[in-house]
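Enquirer: Take a look at the following structure, please.
The values are calculated or read from the model by the stated rules, or taken from the named source; none is laboratory data. Computed from a prediction, not measured in an experiment: that's the story for all the values here. Neighbour counts are summed over all protein chains in view; Cβ atoms, including those assigned to glycine, are modelled from backbone coordinates with ideal geometry. These accessible areas exclude ligands, DNA and RNA; they are computed on the full protein's heavy atoms, side chains included. Shrake-Rupley method; radii C 1.70, N 1.55, O 1.52, S 1.80 Å.
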Amino acid sequence: MNFLLILRALWQRKIFIVYMCLLGAAAALCFRAFGIKNTYTYAADYYITNSELSKLLVDVDTINTDVQMTRSCKILLKSELALDTVGEMLLKKYGEEYLSNYFQIEQGPDGAEVSYEDLYNCISVDSVDDDTAVLEITVNSENPYIAQDIGQFLSFCAPYLIYYYVGSDYISPYENARLYVNEGLPGTKKIIVFGAGAAFILAAGFVAAVFFLSGKYITDPKDVKETSGLIVLGSIPYYKMQDTEKDRIIEV
């Protein structure tokens, strides 16, 4: 019975609940548009080995050498030498004023420089499956063009740095570069549905709480009298009696 009473109370306040659902969906949409910034991820894979010939000759020594070389490249490509070069290329293309919206710009001995810490934090260099000669470079940024350019600039510098400091004379793309949008974040439709659903639960809970706390629910004649102030009529008895004098039945 209580469940039916709750449903009735919710139905009576359906306009309020619908309004709250629309308000929750609008709030979720605003949060998605202004509260969550888009994140773009650029990723590219490269095969690193001693020479192009060793790529065809698969043996234990070659694999171990390539894996060790890949680990050295992971450190080299996130060093100040590599990232300072990338920062110079970014400044030449975008300018100091534009880049200041995404990175901290510092003044060095030779002029403006992109913060090494900011570049370091947005770049990830790791080997695929942690034990192969395939190196993956990923860049995260709020600007898709900057993410793509950082990855390409680093990929452009990588063969020269790796050859000079690591000794590898062969580096080639392993897979085509990819650009992801909002990786790991729910889509706009899911956020709107979640906002409307959360608003519905809150609104329904509020209506049910007010309904029970107000004590205006009716379960028996006493509740009718206390709630409406009306007099509750009792049942009218039904009698049968026999008139002995006239020998007939009178129904009252």
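Enquirer: Of the conditions (1) modelled with pLDDT under 80; (2) within 29 Å of Ala28 (Cβ to Cβ); (3) part of a helix (DSSP H, G or I), Phe194 clears all except one; give me its number.
Expert: In the conditions (1) modelled with pLDDT under 80; (2) within 29 Å of Ala28 (Cβ to Cβ); (3) part of a helix (DSSP H, G or I), Phe194 misses (1) alone.
Enquirer: Out of the residues in the range 1-24 that are basic (Lys, Arg) and open to solvent by 90 Å² or more (accessible area, probe 1.4 Å), which is nearest to Ala203 (Cα to Cα)? I'd like the intermediate steps shown before the answer.
Expert: Filtering the range 1-24 for residues basic (Lys, Arg) gives 8, 13-14.
Filter again for open to solvent by 90 Å² or more (accessible area, probe 1.4 Å), leaving 8, 13.
Numbers: Arg8: 15, Arg13: 9 Å.
Residue satisfying both the conditions and the ranking: Arg13.
Enquirer: Let me ask something else. Could you identify the single residue in Glu88, Glu97, Glu136, Glu80 that is among the charged types (D, E, K, R), open to solvent by 40 Å² or more (accessible area, probe 1.4 Å) and within 26 Å of the chain's Cα centre (by Cα)?
Expert: On the way: Glu88 fails: within 26 Å of the chain's Cα centre (by Cα); Glu97 fails: within 26 Å of the chain's Cα centre (by Cα); Glu80 fails: within 26 Å of the chain's Cα centre (by Cα).
Exactly one of Glu88, Glu97, Glu136, Glu80 is among the charged types (D, E, K, R), open to solvent by 40 Å² or more (accessible area, probe 1.4 Å) and within 26 Å of the chain's Cα centre (by Cα), namely Glu136.
Enquirer: Looking only at the range 46-65, filter to residues that are surrounded by 18 or more Cβ atoms within 10 Å (Cβ to Cβ) and either part of a strand (DSSP E or B) or of a type outside the set (S, T, N, Q) (or both); which one of those is modelled with the lowest pLDDT?
Expert: Thr49
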